[in-house]
Amino acid sequence: MHSDPDHKLITACQQSLLEGLEGPFRELYELYKDRVYNVCYRITGNPTDALDASQETFGIVFRKIREFRFESKFSSWVYRVAVNASIDLKRRSRGRELASLEALDELGPESERVRHTVADERTEMPLRAAARHELEAEIQRAISRLSPKLRGITVLRYIESLSYEQIAEVLQISLGTVKSRLARAHEVLDRELTPVLDRYYLG
Amino acid sequence: MNSNSLCDRLRSAWLDAAPAPTDGAGLAEELRAHLAGCAACQRALRAWPLAARALGELPRHSAPRELDSAVVAAIQAGARTDRAVRALERLARLTPPEQLAEALENPASGEARDEAAPMSRASAPRVLDRLVSEELSDPAKARVRRHVGGLRRLSAPAQLTTLVEQRTRNERARSAAAAALRVEVRRRLRMALGAAAAFALVAIALLVERPERPNEPKQRPFRVERASSLASLSPMTRGMLDNLSSGLTQAQRD
Ligand SMILES: [Zn+2]
């Protein structure tokens, strides 16, 4: 698939002796690090696990990039590695996840310690910013309650804005499965989020 | 949720059109009629767009700076693992487990083989622990050791045989010459000893002769000495012999 926008960089990586985070691999890393980190952050639900899963993702991409044969878009492959790394990490540290969610509750909306700075929040009114933080925490909690399969699909669709076709390619499932899983994810999210969203958007 | 139900079709239609209006505009007539009478679908079509919007509006984060160094560490760790795996593969090639030979001699049926798989797993040789820890602690040294151990044995070049033959031939010739020389020396020595003995007799006779009384007829007493070896001769006689034999007797003694 030569229409891949990253074709040139990937080929350069495959043809050169990669020693580390440099050259064409560094360029690919810069292109993807935020996307990978966001997927990992939303699936794992905390910055520490997101960092670990992102690290693992790029470690795998580095090791396997020579084997990439352009049978899918490179971005689809990177997303797949990131989703799987995040879900695996979550499975390994289920206990830690619960602890961190409780910590998020205890720290409250004012705490900046477990959250990253959002560029536009300083321009917002303090009350509005606090409400946004609260909303973000609620949404993150709702995502965390989805099963790993539904969590991956929800993040790819609504946070990364991928088309159904690309989600099917990333997760290697049919288009029908993408839509039925998304519908199931909505059922769960509705139960968790409807009161909160009503309050925030409509109330 | 029955996949053929109108509820499913309505939600699927919304997903297809998302973000779609919540009032059912654009939906097929049949689905719009269903929406008008189905409270669950009305709730869903009100809630789903809100959830989609809320998720889409979540703040995006920049990857933290620590990710750079974490990825560098992951790449290095991956390289170490790759080296260890390659070392294991080499090891596996060098020492096929005995169980493999057995398995090849007694091939089981496919099903039985699958069931027996855990039983037929070869245990790692004891040396593996050491090799892996060497590989991980000092890859460079381990690599040198592997390469030295794997150096191919060389055959001696053909010239070596020729050189050795030449050398042994020379040695033989040299020792034959030395033996011949020894025989010649002994022969000449014997001749010299004979001549020296005769001369010594004359010389001694002359030395011991002393005129006592002019009137008395001269007496010329002499002594005969027989020597079986040079060592038994007196130093004076030996000195004379050395001179007479041009050093041959001296060389023989030494
Ligand atoms: Zn319905």
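Here are some notes:
- Considering (1) surrounded by 14 or more Cβ atoms within 10 Å (Cβ to Cβ); (2) within 16 Å of the ligand (Cβ to nearest atom); (3) at pLDDT below 90, the lone condition that B:A28 does not fulfil carries the number (1).
- Residues in segment A:18-36 that are at the interface with chain B (Cβ under 8 Å from one of its Cβ atoms) and closer than 18 Å to A:L171 by Cα: A:V36 only.
- Residue that is farthest from A:P47 (Cα to Cα), among those in segment B:31-54 that are buried (at least 20 other Cβ atoms within 10 Å of the Cβ) and at the interface with another protein chain (Cβ under 8 Å from one of its Cβ atoms): B:A44
- Test: B:A192 is touching a helix residue (DSSP H, G or I) at 6+ places or on another chain (Cβ under 8 Å), surrounded by fewer than 10 Cβ atoms within 10 Å (Cβ to Cβ), of a type in the set (G, A, S) and at pLDDT 70 or above: no
- Of the candidates A:T154, A:T117, the single residue that is at pLDDT 95 or above and either facing chain B (nearest Cβ under 8 Å) or not in a helix (DSSP H, G or I) (or both) is A:T154.
The values are calculated or read from the model by the stated rules, or taken from the named source; none is laboratory data. In this text, all values refer to a predicted model and were calculated from it rather than measured experimentally. A quick note on method: Cβ atoms are made from the backbone with ideal geometry, for glycine too, and the neighbour counts reach across all protein chains shown.
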